[in-house]
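Okay, so here's the structure we're looking at.
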Amino acid sequence: MSIAAKANALWEYANPRKFLATSERVLPFFWITSMFCIALGLVWGFFFTPDDYKQGSTVKIIYLHVPAALMAINCWLMMLVTSLIWLVRRHHVSALAARAAAPIGIVMTLIALVTGAIWGQPMWGTWWAWDPRLTSFLILFLFYLGYVALWEAIEDPDTAADLTSVLCLVGSVFAILSRYAVNFWNQGLHQGASVLRAGAVTGTDTEEKVSNIFFYPLLVCIIGFVLLFVALVLYRTGTEIRARRIKALLARERVGG
Amino acid sequence: MIPDLGKYTDTVLTSYAASIVLLAALIVFSVLRGRKVRAEMEKVEQRMTRNG
């Protein structure tokens, strides 16, 4: 099958029936592997890794803080892609997938902010600072809340999908800033990327990097969070498709009788 | 059972507890709403089939 044919085959999942049938088939795999990876990564990191020479046992917070922060940003980027698909191709499933992902993004951002504050208190001597990365993350969190509120506030689903898609485009600036704020403004308390930086992993650069003893369980946790995100998005999108069908059926029932 | 976390015991355990509670709440609410909506859809579909 050519690449163009494969890309075309992807659009079949814009059909709600096809989407539901496929997601029901693959969901058990994503639920089980995500739970397994998260449990393995957390147990490995919590019980079988040493304390850091500078940060002591607080380094164990990395196994939750980093995967959650990573998913908070990437969840918004996934919403951006599905919103663009809605705006360009008008596939309802893509708009509903963006809607389904937003509460997951809220929780991931909240975990990153809460664990960051708890971690920051003993390390920086403060729960919060108006540091570029922290501030852009807080704004991203507010964008998530605004996105969900906008969906709830508008009754017509197509209008809601249009307006939330535009909001998603605007909010993408902060999703990107959350990741690169440290590089743009070389100030603040939060350190730069030290985990998912090619040179840090391979050891080819000289900047501070996460030791492999912490990196491997962290990688397992990150894989677990990604799999959990996929499971939740598939499951929640299925719920949104069914909720939309209920509305359509009830409307048809009202007209008919 | 729990490793010695030294003076940061509260810090580390609070982070884990908060994160696990938030993740569990997200999963539980998603599954509960999913089941409720699925049951409601089946009910509506059955009613519409009966009524033609």
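Numbers for the structure displayed
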item: Index of the failed condition, A:R89 passing every other in (1) surrounded by fewer than 18 Cβ atoms within 10 Å (Cβ to Cβ); (2) under 24 Å from B:G34 (Cα atoms); (3) among the charged types (D, E, K, R); result: (2)
item: Some residue of the stretch A:113-126 being crowded, with 17+ Cβ neighbours inside 10 Å, more than 10 Å from chain B (Cβ to nearest Cβ) and either more than 23 Å from B:K7 (Cα to Cα) or in contact with a strand residue (DSSP E or B) (Cβ under 9 Å, 6 or more places away or on another chain) (or both); result: no
item: Residue count, the stretch A:1-45 (criterion: of a type in the set (F, W, Y) and either more than 26 Å from B:Y16 (Cα to Cα) or not in a helix (DSSP H, G or I) (or both)); result: 3
item: Residues (part of a helix (DSSP H, G or I), farther than 22 Å from A:L110 by Cβ and more than 7 Å from chain A (Cβ to nearest Cβ)) located in the stretch B:1-44; result: B:K7, B:T9, B:R35, B:K36, B:A39, B:E42, B:K43
item: Selection count where residues are surrounded by 14 or more Cβ atoms within 10 Å (Cβ to Cβ) and either of a type in the set (D, E, K, R) or facing another protein chain (nearest Cβ under 8 Å) (or both), scope the stretch A:233-249; result: 11
item: Scan of the stretch A:127-140 for residues that are part of a helix (DSSP H, G or I) and surrounded by fewer than 20 Cβ atoms within 10 Å (Cβ to Cβ), ordered by number; result: A:T135, A:L138, A:I139
item: Residue ID - surrounded by the fewest Cβ atoms within 10 Å (Cβ to Cβ), chosen from residues in the stretch A:1-43 that are more than 14 Å from chain B (Cβ to nearest Cβ) and closer than 20 Å to A:V226 by Cα; result: A:R25
item: Leading residue by the ranking (surrounded by the fewest Cβ atoms within 10 Å (Cβ to Cβ)) among those in the stretch B:6-52 that are over 30 Å from A:W119 (Cβ atoms) and among the small types (G, A, S); result: B:G52
item: Residue within the stretch A:114-125 that is closer than 19 Å to A:Y235 by Cα, at pLDDT 95 or above, touching a helix residue (DSSP H, G or I) at 6+ places or on another chain (Cβ under 8 Å) and part of a helix (DSSP H, G or I) present; result: no
item: Top-ranked residue in the stretch A:44-55 [being free of Cβ contacts under 8 Å to residues at least 12 places away in the same chain and within 11 Å of chain B (Cβ to nearest Cβ); ranked as surrounded by the most Cβ atoms within 10 Å (Cβ to Cβ)]; result: A:D51
item: Qualifying residue in the stretch A:73-95 (condition: more than 21 Å from A:Y180 (Cβ to Cβ), basic (K, R) and modelled with pLDDT of 95 or more); result: no
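The values are calculated or read from the model by the stated rules, or taken from the named source; none is laboratory data. What you see is a predicted model, and the numbers here were worked out from it, not measured in a lab. Glycine also receives a Cβ, built like all others from the backbone with ideal geometry; neighbour counts cover every protein chain displayed.
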